[in-house]
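Just so you know, all these numbers are worked out from the coordinates, no wet-lab data involved. This is a predicted model, so every value here is computed, not measured. Please note: Cβ atoms are built from the backbone with ideal geometry, for glycine as well, and neighbour counts cover all protein chains shown.
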Amino acid sequence: MAANPAFDWTHPDYAAVHARRVERLMRLRSTPGAIEALKSYYADHIAEFIADWGVTADPRNALLAPPRPVLMPFVLFPKQREWVEWLLERARRREPGLTEKSRDCGISWLAMATAVSLCLLRRNITIGVGSAKEDLVDRSGDPSCLFWKARTFLKNLPPEFRGGWDETRHSAHMRIQFPETGSAIVGEAGDAIGRGGRTTIFLIDESAHLERPQLIEASLSSNTDCRIDISSVSGMDNPFAQKRHAGKISVFRFHWRDDPRKTDEWYARQAEILDPVTPAAEVDISYTGSAEGVLIPGKWVWACIDAHRKLGIEPSGMRYGGLDVADEGKDKCAFAARYGILLEHLESWSGKESDIFQSVMRALNLAEQHRIAQLFYDADGLGAGVRGDGAQINQQRREAQRPEIRDEPFQGSGAVFDPESEMIEGRPNAGMFANAKAQSWWHLRTLCRNTYRAVVERKPYDRDEIISISGHLAELSQLTMELSQPSYSLNATGKVLVNKTPPGCRSPNLADAVMIAFNPSNRNLDIWLKLGVKR
């Protein structure tokens with residue numbers, strides 16, 4: 001079907017969508033065979049079916065001013081379409097998946113709309129739906145439960161697309177049957193999830209909040225090959241978080257910034273009305289946001305997105321790069337490029353079927369592309385070999401009459417920079433930080449804090465002591481999570497230690513690259529470069 005014209009999410013015109021649907025349906029009804037042909041098409045284009053005919057509902061709209069309809073056309077935005085295709089790919093591959101989400105982005109509605117659409121358009125499918133409590137799965141007349149969403153979606157489809165479904169005959173508590181296809185949706189709750197028989201797909205809503213998740217692991221493993229956990233997050237001490245960070249299953253991240261209905265004002269309102277822990281977990285998707293000693297709170301990070309635009313600053317200054325090196329394992333190499341205060345480029349790549357030499361070559365090519373004056377690289381562990389590789393590659397570049405890339409080791413385990421200076425008033429750096437890593441992470445924390453105070457609290461600020469993160473970064477969502485992952489503590493002598501990988505978390509490669517690019521040794525480097533002094 002033809003795509004809808006550009007939709008204004010801040011001022012939605014649902015009447016126009018209804019009008020197009022009515023006109024389309026009239027044409028289909030007047031064309032013999034058109035409905036069946038279209039149903040055949042929709043069987044392989046589930047997102048199109050939802051967008052063309054589906055509805056969603058929000059009872060909160062009843063008292064809005066100006067008013068909005070409670071029952072609305074389900075106009076899918078890009079991330080929702082992407083999720084539907086992601087789910088179908090998991091089903092085709094007969095593999096599990098996990099969706100981490102911000103609150104109030106409509107994933108529960110989307111999950112039920114997808115389940116209904118699959119059962120209407122595909123034969124002999126059984127989709128299981130589960131949640132922590134039975135009332136969350138099915139309770140008569142309750143719009144918050146999952147089966148209410150499914151029945152509402154079904155009842156508001158044109159009769160031609162309901163497949164003979166009749167609520168009085170084909171709907172019971174925790175069960176919906178589809179007579180034309182022989183498919184079904186079945187509900188289960190709590191400890192009983194997974195014990196009802198085999199399913200094509202099993203969707204678990206708010207999986208991180210199950211009371212005894214270990215009890216359903218074995219049951220579901222024999223129930224389905226395609227278990228889909230969907231949830232806002234609730235710390236690291238649960239199977240949902242552990243699976244998400246193990247790196248063994250496909251993860252779909254649905255952040256509030258992927259929802260065009262959500263704005264910075266909406267986020268600020270959530271931060272204002274909710275307790276400090278809830279926005280971190282349920283809005284920012286931070287697994288460690290409620291932990292003691294979080295280094296960079298999520299709300300600080302989000303204040304940094306396009307901060308230069310919000311504050312009317314034109315970026316200027318030196319261009320630096322940061323490289324975090326990985327081997328052929330699960331971790332990835334990451335490269336960050338900054339222009340003054342602006343993080344303008346970020347990318348990562350796997351070292352699988354490659355070697356460190358090739359990753360260094362890629363990083364130097366990126367440094368040239370982004371006109372980097374100095375590339376800092378993690379010189380601890382695997383990064384120790386970068387200097388030799390860099391020297392060899394730079395020799396090849398000189399022979400090819402290409403510019404040499406200045407590279408500089410960043411020794412996180414080494415001594416602090418400017419030991420007698422004070423990042424914290426009254427505490428010389430040598431007495432404040434355990435090593436350069438802790439100092440550099442703290443410096444990044446300070447930049448993010450300053451930015452939050454400037455953007456959100458409207459306090460005076462130094463233009464050179466903030467950070468702006470480009471909103472166009474391809475891996476922005478992952479970066480925001482990683483920046484809020486590290487925690488800090490004090491050692492026996494009262495110096496700051498930074499733990500960037502709390503229990504269950506993987507190394508934050510993107511955030512490491514950013515930290516390295518913004519490390520405080522750059523302050524001295526600015527002066528040396530201006531004087532033409534080589535290090």
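Quick one: if the Förster radius is 35 Å, what FRET efficiency do residue 316 and residue 457 give, using the C-beta to C-beta distance and rounding to 0.05? Please list the in-between numbers first.
Numbers: r = 25 Å, r/R0 = 0.70.
E between residue 316 and residue 457, to the nearest 0.05, is 0.90.
Could you list which residues have their amide H under 5 Å from that of residue 380, counting only those 5 or more apart in sequence or on another chain, with H placed in the peptide plane?
Amide H neighbours of residue 380: 412.
Stretch residue 21-residue 63 to full length: gain in nm at 0.36 nm per residue minus the Cα-Cα span?
12.5 nm
Using θ = phi - 60° and the Karplus relation 6.51 cos²θ - 1.76 cosθ + 1.60, list the HN-Hα couplings for segment 343-348 in order, rounded to whole Hz, with x at every Gly or Pro.
For segment 343-348, the Karplus-derived couplings read 7, 9, 8, 8, 7, 9 Hz, x marking Gly and Pro.
Could you work out the relative contact order of the chain, using alpha carbon pairs under 8 angstrom and six or more residues apart, expressed as a whole percent?
13 percent
Among the listed pairs 133/500; 155/262; 39/79; 248/299, which have their C-alpha atoms separated by more than 32 angstrom in this model?
133/500
For a label point 7 angstrom out from the Cα of residue 212 toward its Cβ, which stretches of segment 186-202 have the backbone nitrogen within less than 12 Å?
Answer for this model: 190-193.
Can you put 304, 145 in order, fewest other beta carbons within 10 Å first?
145, 304
Given labels modelled 7 Å from the Cα in the Cβ direction, how far is it in nm from residue 160 to residue 493?
7.9 nm
Which FRET efficiency, nearest 0.05, do residue 221 and residue 373 yield, Cβ-Cβ r, R0 51 Å?
0.45
List 344, 422, 482, 368 from most exposed to least, where exposure is judged by having the fewest other Cβ atoms within 10 Å. Each step should come with its number before you reach the end.
Working: 344 18, 422 12, 482 25, 368 15.
Fewest-to-most Cβ neighbours within 10 Å comes out as 422, 368, 344, 482.
Between residue 175 and residue 309, what is the label-to-label distance in nm when each label sits 7 Å out along the Cα-to-Cβ direction?
5.3 nm
Which whole-number percent gives the relative contact order of segment 14-262, counting Cα pairs below 8 Å spaced six or more residues apart? Walk me through the numbers on the way to the answer.
On the way: 417 pairs, mean separation 56.5, N = 249.
Reported relative contact order: 23 percent.
Looking at the square roots a ≥ b ≥ c of the eigenvalues of the Cα gyration tensor of segment 67-178, which shape do they give, rounded for a/c under 1.5, prolate if a/b is larger than b/c, or oblate?
Rounded, since a/c falls under 1.5.
When the Cα centres of segment 298-319 and segment 175-228 are compared, how far apart do they sit, in Å?
The two parts, judged by their Cα centres, are 45 Å apart.
If packing is taken as the mean number of other Cβ atoms within 10 Å per residue, what is the order of 465-476, 63-74, highest first?
So the peptides 465-476, 63-74, ranked by packing, come out 465-476, 63-74.
Please list the helices of the chain that count as membrane-span-like by this rule: a mean Kyte-Doolittle hydropathy of at least 0.5 together with Cα atoms stretching 30 Å or more along the helix axis, each helix being a complete DSSP H run.
Result, helices passing both filters: zero.
For residue 37 and residue 268 in one chain, what is 0.36 nm times their gap in residues minus the Cα-Cα distance, to one decimal in nm?
Taking 0.36 nm per residue and subtracting the Cα distance, the gain is 78.4 nm.
If R₀ is 25 angstrom, what is the calculated FRET efficiency for the pair residue 135 and residue 249, using the beta carbon separation as r and rounding to 0.05?
Computed FRET efficiency for residue 135 and residue 249: 0.30.
Taking neighbour Cβ counts within 10 Å as the exposure measure, how do 259, 284 sort from fewest upward?
Details: 259 20, 284 25.
By the 10 Å Cβ count, ascending: 259, 284.
At what distance in nm do the modelled label points of residue 168 and residue 380 sit from each other, each positioned 7 Å from its Cα along Cα→Cβ?
Inter-label distance under the simple model: 7.1 nm.
Per-residue counts of other Cβ atoms within 10 Å, averaged by peptide: what ranking do you get for 508-516, 234-242, highest first?
With the highest mean Cβ count within 10 Å placed first, the list reads 508-516, 234-242.
Does segment 84-129 classify as rounded, prolate or oblate by the C-alpha gyration tensor (a ≥ b ≥ c root eigenvalues; a/c under 1.5 gives rounded; else a/b over b/c gives prolate, otherwise oblate)?
oblate
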